[in-house]
Amino acid sequence: MTFNDISIPLNITTGYQNPNDVFFTPVLSAARKFDVGVGYFSSNWVEDVKEGVHEFALNGGRSRWIISPNLNAEDAEAINNGFKIRSFEHIKTEIEGKLLDQLAMMDTDSRSLLSNLIAAGVLDFKVSYSKSAGNNLFHAKMGVAIDGENNAIAFNGSFNLTGNAKSNWEYIDVYTDETAREQQRILSIQGRFDTLWADEDPYYQVFTPSEKLLRRISNFSDDRKKDYLKPYNPEHISLRPYQKEAIQAWGENKGHGMYVMATGSGKTITALATVKKLTARFEETKQPLFIVFVLPLKHLLDQWHEEAEKFGFDAIKCYETSINWRKPLSESLSHQLIRKAGVVSAMVTNATLASDNFQKILKSVKVPMMIVADEAHNLGSPIYLKSLPDNAQYRLGLTATPMRHNDEEGTEALFDYFGDAVIEFTLDNAISAGFLVKYHYYPFLCEFNYDEYQDYKAISKKLLRGGESRLEADSEMEELLGGASNKLIILRKELEKLKAQNRLQHTLVYCGSHTDDEGSRQIEKILSMLGHEIGIKTRKFTASESLDDRKKILDEFARCELDAIVAIKCLDEGVDVPATKQAFVLSSTSNPREFIQRRGRVLRRSPGKNEAFIYDFIVTPPEGDVNPELVAKEVRRGLEYNSLAINKKENENLLMSLADLHGVEL
């Protein structure tokens, strides 16, 4: 169900209408996101709309509330006086104590429902309090709801989300996204909420609840919170038509084939639904099956494991030291062999797949086996091809870009192992179908300086010599192109423009690993530029951050607590950053797989996101020099980015003129 399936009133007046019945309950039933400034902290309202809240939670909805304690004048004065003489941590503790007291006094059903939502992760909240003296309470009554098709509704008015509000004379205006003017109102309300959530409002302090408070709220929850954590029922998963076609085609191809699907088009869900359908058949006939999920990196494995749990899979994680996984996996397979039934699943990184310990286990398997490989193009190198088990009866490869760069032999070997593509769902298909957002493309010409160009010529000679030094030279060339000094000048100019337009939130900067002659890394220069000089909240996202830190960074970015992320290659594969609205791609590459994947990650849908902006840096020789080899690679990347852009016509002249100037034939 979406907002198009329900009746949305223009406005609501209590006494004439019950806001909970005519608006909040049906909207929550269809929503996937619900951001709201609720004023007082009350669970009675949640009880009044529990049917809608229940549907919202079961549909995977996530809600953010900004709340305020309901303080009398004496309490407010005491807390304000406390600000003058005590640290904010002391005041925070006092405010949280008031909230907990109010929660404890609520009726049992209302308190349990609210606590269950918080404990299950459906409801996230922050607490707001006035920075100024006096009893200035946070009286916001605004919110934005977004459904599964990215339709948005906003409301604003005098209605507090409390049990008593429906009995008062209250008025609510409702806005849908059917006209440009209404869209602006929705964006305005969302912007006010995001500013508060990020604690950037000049008048109100907003803080995240302490772990102690969350634990005490969790104590009020009961077993019913499990209703909101239960796995997906595969029979009720809403698969898109092309996903169903892919599963059917794979089955008709005798359980072999590749899903060649654009980044963001649902490869993971399609694959897990495929596996679930196969396991159901084996479970029905009480036959054994061993499933091996192969993922390139640890963070991607953890993402898959989380998704697979929703389908009912409890795969054994196999990465890092074999001490952690070898014994439990061997025992599970032994029990399966004795019982001659049951499904055992393991998730391995590419490195673990190729390890001696895991290869011994694969060779010992005597039951039917299935291999599911995400980013399967990575397995085309000789060492990984050798590690793929010949005794796997069922084989499924997933990739957006099956063709390996400059490796026809490896590409052919992958198709020989997994089978041909049983579906090809391109980026163009995904954008046209509305599963990815449309985008604008802005290419900037960036000249090498004299010294950089001399380095370019020297590396080009090494590439011509070939041999073992070619890989090293390829890496040097990519680092040189990505680190062209003029890129930072252009980047600063464009970022300052965005700041002046108040559009810097959800900015992603892809940079290279370049280090200059003085030992300064490009990523550190960009972090300093964004954080210290331009003054926005920024974090780096590299291989040096722990998995927990990376998750925290991405969560803060999605919640607007960070304006920008500066990343190196670890965002190329498997990490979802759907909140990204604009991406600056400094890290130049002529590898189509890399720049196609980067584009796909920027175009993922996210609540409130209807389009994206990609900024590319086309490296050229210094003025007066002609270099068709350099320009050909840069222009071809630009033309690929431009091919599906909303504004492609305005860029064609720039790119084609550059190609003509350097004698490049396209």
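The values are calculated or read from the model by the stated rules, or taken from the named source; none is laboratory data. Keep in mind the model is a prediction, meaning the values are calculated, not measured. FYI the Cβ positions are ideal-geometry reconstructions off the backbone, even for glycines, and counts take in every protein chain you see.
Could you go through the stretch 332-339 and let me know if any residue there is assigned by TED's automatic domain parsing to the domain that holds A273, touching an Asp or Glu at 6+ places or on another chain (Cβ under 9 Å) and buried (at least 17 other Cβ atoms within 10 Å of the Cβ). No, that holds for no residue.
For the stretch 1-28, a tally of residues being closer than 22 Å to T179 by Cα, outside any helix (DSSP H, G or I), polar (S, T, N, Q) and touching a residue at least 40 places away in the same chain (Cβ under 8 Å) returns 2. Taken over the stretch 96-125, the residue count meeting the criterion of being over 22 Å from the mean Cα position of the chain (by Cα) and not in a helix (DSSP H, G or I) is 3. Can you find a residue that is free of Cβ contacts under 8 Å to residues at least 60 places away in the same chain and of a type in the set (G, A, S) anywhere in the stretch 246-263? Within the stretch 246-263, one or more residues are free of Cβ contacts under 8 Å to residues at least 60 places away in the same chain and of a type in the set (G, A, S). Where strands (runs of 3 or more DSSP E) sit wholly within the stretch 266-378, those with at least 3 residues that are in contact (Cβ under 8 Å) with a residue 40 or more places away in the chain occupy 288-295, 342-349, 369-373.
Quick one: in the stretch 597-619, which of the residues that are β-branched (V, I, T) and more than 14 Å from the chain's Cα centre (by Cα) is nearest to E447 (Cα to Cα)? Across the stretch 597-619, the extreme among qualifying residues is V619. Considered as a group, the residues in the stretch 237-265 that are of a type in the set (F, W, Y) and part of a helix (DSSP H, G or I) include one that is nearest to the chain's Cα centre (by Cα), and that residue is Y242. The single condition among (1) closer than 23 Å to V174 by Cα; (2) modelled with pLDDT under 75; (3) not in a helix (DSSP H, G or I) that V46 does not satisfy is (3).
If you take the residues of the stretch 628-666 that are of a type in the set (V, I, T) and closer than 21 Å to S460 by Cα, which of them is surrounded by the fewest Cβ atoms within 10 Å (Cβ to Cβ)? Please lay out each step first, then the result.
Going through the stretch 628-666, the residues of a type in the set (V, I, T) turn out to be 631, 635, 646, 664.
Filter once more, so that each one left must be closer than 21 Å to S460 by Cα: 631, 635, 664.
Values: V631: 22, V635: 23, V664: 20.
So, considering only residues that are of a type in the set (V, I, T) and closer than 21 Å to S460 by Cα, the one surrounded by the fewest Cβ atoms within 10 Å (Cβ to Cβ) is V664.
Considering the conditions (1) in contact with a helix residue (DSSP H, G or I) (Cβ under 7 Å, 6 or more places away or on another chain); (2) assigned by TED's automatic domain parsing to the domain that holds K277, N391 is excluded by exactly one of them, (1). Quick one: would you say N378 is out of contact with any strand residue (DSSP E or B) (no Cβ under 6 Å at 6 or more places or on another chain) and modelled with pLDDT under 90? It is false that N378 is out of contact with any strand residue (DSSP E or B) (no Cβ under 6 Å at 6 or more places or on another chain) and modelled with pLDDT under 90.
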